[in-house]
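Student: Structure below; questions to follow.
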Amino acid sequence: MGTTNRQLTAKYNGDEETKRQFLYIEKAKDYVQALSNELGRKPTCCVTTFGCQMNARDSEKLAGILELTGYELIEDEDADFVIYNTCTVRDNANQRVYGRLGHLNSLKKKNPHKKIALCGCMMQEASVIEKLQKSYRFVDLIFGTHNIYKFAELLVSMYESDSMVIDIWEDTDQIVEDLPIERKYSFKSGINIMFGCNNFCSYCIVPYVRGRERSRNPKDIIKEIEELVSDGVVEVMLLGQNVNSYGKNLMEPITFAQLLREIERIEGLQRIRFMTSHPKDLSDELIQVMKESKKICRHLHLPLQSGSTRILKEMNRKYTKEQYLALAEKIRKEIPDIALTTDIIVGFPGETPEDVEETIDVINKVQYENAFTFIYSKRTGTPAASMENQVPEELVKKGFDKVLKTVQDTARMRVALLEGQTLDALVEEINEQDSSLLTGRLSNNTIVHFKGSHDLIGQIVPVYLKECHGFYYLGELQK
Ligand code: SAH
Ligand code: SF4
Ligand code: F3S
């Protein structure tokens with residue numbers, strides 16, 4: 001049972017809702033103190049993330065509040081308070097939560113003080129809440145994605161109630177700034193630049209569970225990054241479901257490329273990343289800004305989903321195979337050292353082996369540095385779920401294996417092209433398997449392992465890329 005090495009930032013700027021929540025933090029402190037007196041030690045808590053980077057960032061917000069109320073953060077579900085921040089993008093994410101809840105219940109039977117909370121995207125589905133109410137009565141607190149900023153208030157409700165507390169909102173237009181955040185890494189951080197999604201790709205549940213697209217004010221984003229930088233952060237990852245449509249609905253509209261230009265000016269910040277870019281509205285302005293930038297990393301995640309124009313239309317992706325290929329080609333030409341990565345879905349309703357061949361054709365042409373391949377998962381309430389021609393499992397499996405093999409073969413060749421170069425890596429951690437090695441990340445997102453002293457963590461150092469091992473490198477630190 002180890003404590004985690006995290007960084008706490010808590011600044012309060014006077015916003016009304018933030019003020020209310022800080023009052024609840026004070027109130028929650030009393031409950032945690034009482035528990036502490038009873039236990040004769042500091043109570044422990046554990047935050048488990050099931051989803052994407054946005055989900056992980058939310059977990060840092062939860063951790064920040066728990067720590068301020070007096071909990072000690074640990075990475076062990078034996079803790080006195082366990083919260084699952086769930087994901088529902090594919091069914092297997094849901095199944096993992098149900099599976100692990102059974103285990104939490106057995107731990108709770110041994111620890112009468114134990115509290116269990118669930119939040120995140122899966123909680124925005126009515127069918128999930130019904131199931132939890134019926135068969136998982138031992139859960140103490142349930143809330144969703146729109147009211148996470150109320151976590152302190154919800155904690156207080158939980159302490160004051162004998163039964164399950166449930167608070168789920170359909171949607172929100174609120175963006176509450178400046179609550180405490182407990183960062184996982186001291187030197188890099190995710191930053192939300194927008195919330196929600198308006199794209200409604202026909203297979204995807206995210207717009208239903210994360211609500212409509214809302215961009216944060218550029219001033220608030222810049223301020224948050226400046227504070228992070230003064231707190232030791234050198235790399236930021238700007239987060240949004242589709243960063244390319246950032247700013248369109250603000251009172252004073254601004255493009256994502258303009259926002260990047262402003263962030264570039266922040267002194268002390270060394271690296272800028274962002275996720276995710278929808279191909280349909282990736283602008284020439286963005287390519288230009290990336291090309292000219294000294295700080296924006298040489299990596300673009302550009303989800304393809306399918307290489308078949310017919311399937312793309314059914315998916316409501318709003319681009320064709322040819323448009324995607326032309327875009328990828330333009331980016332590779334303008335920024336030759338960029339790495340392109342992607343997401344691919346196999347088995348969307350109506351997909352034929354010929355459609356899969358189209359996807360494989362795109363992979364061969366673009367030669368991604370890496371690609372995440374997913375088997376289509378039917379999400380209740382999405383248009384694709386009610387399409388009649390769902391693809392039989394064996395056929396999906398065949399297509400999936402073929403796509404995966406193409407991805408692996410092309411990526412291996414592509415990543416190997418860096419062999420022999422010396423490039424800057426941000427040292428992120430001690431290698432999990434071999435503690436004499438450090439693990440660093442290149443600007444283009446490739447991982448490199450090399451020997452070096454542990455105090456280099458958080459620094460950007462030159463590394464000679466000696467041997468390529470598929471997706472990663474073994475390297476040597478250069479003096
Ligand atoms: N906003 C991002 C994606 C967020 S979800 C974007 O548009 O790129 C991350 C990935 O999960 C998606 O890119 C897609 O490949 C995959 N995904 C989403 N819904 C899915 C489903 N129903 N079945 C399988 N994969 C899915
Ligand atoms: Fe889902 Fe599409 Fe929105 Fe991405 S852009 S979150 S895939 S609906
Ligand atoms: Fe999952 Fe929600 Fe992210 S559904 S992928 S955690 S936005």
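The values are calculated or read from the model by the stated rules, or taken from the named source; none is laboratory data. Values in this document were obtained by computation on a predicted structure and should not be read as measured data. Glycine also receives a Cβ, built like all others from the backbone with ideal geometry; neighbour counts cover every protein chain displayed. Quick note on the areas: whole protein, heavy atoms, side chains included, nothing else; ligands and nucleic acids left out. Shrake-Rupley method; radii C 1.70, N 1.55, O 1.52, S 1.80 Å.
Student: What does the convex hull of the Cα atoms of region 213-371 come to per residue, in Å³, rounded to a whole number?
Tutor: Considering the Cα atoms of region 213-371, their hull volume per residue is 114 Å³.
Student: Stick to Cα atoms and the Kirkwood definition of Rh, then tell me Rg/Rh for region 125-272.
Tutor: Rg/Rh: 1.03.
Student: Keeping all protein chains in position, work out how much accessible area Ser293 exposes to a 1.4 Å probe, and write it in Å² to the nearest 10.
Tutor: 10 Å²
Student: So for Glu17, Glu394, Glu358, what's the accessible-area order with a 1.4 Å probe, most first?
Tutor: Descending accessible area places them as Glu394, Glu358, Glu17.
Student: Please give the per residue accessible area of the chain, computed with a probe of 1.4 Å over protein heavy atoms only, in Å².
Tutor: 45 Å²
Student: Which lysines does Lys405 reach when only Cα atoms under 30 Å apart count, and residues fewer than 8 places away in its own chain are ignored?
Tutor: Lys280, Lys313, Lys318, Lys321, Lys330, Lys333, Lys365, Lys378, Lys397, Lys466
Student: With the cut-off at 23 Å, report for region 367-479 the share of all Cα pairs above it, as a whole percent.
Tutor: 46 percent
Student: A further question follows. Given Cα pairs under 8 Å that are at least 6 residues apart, what percent is the relative contact order of the chain?
Tutor: 11 percent
Student: What Cys residues in the chain have no fellow cysteine's beta-carbon under 4.7 angstrom?
Tutor: That list is Cys45, Cys46, Cys52, Cys87, Cys119, Cys121, Cys197, Cys297, Cys468.
Student: Dipole size in debye (nearest 20) for the chain around its Cα centre, Lys and Arg Cβ +1, Asp and Glu Cβ -1?
Tutor: Roughly 420 debye, rounded to the nearest 20.
Student: I'd like the Karplus ³J(HN,Hα) series for region 387-392: coefficients 6.51, -1.76, 1.60, θ = phi - 60°, whole numbers in Hz, and an x wherever there's a Gly or Pro.
Tutor: 5, 6, 8, 5, 7, x
Student: Using only Cα atoms, locate the centre of region 346-398 and the centre of region 278-327, then give the distance between them in Å, rounded to an integer.
Tutor: Each part reduced to its Cα centre gives a spacing of 18 Å.
Student: Express the Stokes-Einstein translational diffusion coefficient of the chain in µm² s⁻¹, to the nearest whole number, given a Kirkwood radius over alpha-carbon pairs, 20 °C and a viscosity of 1.002 mPa s.
Tutor: 90 µm²/s
Student: Below 20 Å, Cα to Cα, which aspartates and glutamates can Lys402 reach? Residues fewer than 8 away in the same chain don't count.
Tutor: By straight Cα distance, Lys402 reaches Asp343, Glu351, Glu354, Asp355, Glu357, Glu358, Asp361, Glu369, Glu393, Glu394.
Student: While we're looking at this one, here's another question. Might you work out the accessible area of Val47 for me, using a 1.4 Å probe with all protein chains in place, and round it to the nearest 10 Å²?
Tutor: 30 Å²
Student: Would you please name the trypsin sites (Lys or Arg not before Pro) within region 29-69 that are DSSP coil residues with at most 11 other C-beta atoms within 10 Å of their C-beta?
Tutor: Within region 29-69, the qualifying trypsin sites (Lys or Arg not before Pro) (loop, at most 11 other Cβ atoms within 10 Å) are Arg41.
Student: Computed from the mean reciprocal separation of all distinct C-alpha pairs, what Kirkwood hydrodynamic radius does region 214-303 have, in Å?
Tutor: After inverting the mean inverse Cα-Cα distance, the result is 13.3 Å.
Student: For the full complex of protein chains and a 1.4 angstrom probe, list Ser283, Ser377, Ser277 by accessible area with the highest value first.
Tutor: Result, largest first: Ser283, Ser377, Ser277.
Student: Taking the alpha-carbon centroid of each part, what is the distance from region 186-226 to region 402-431 in angstrom?
Tutor: Using only Cα atoms, the two centres lie 28 Å from each other.
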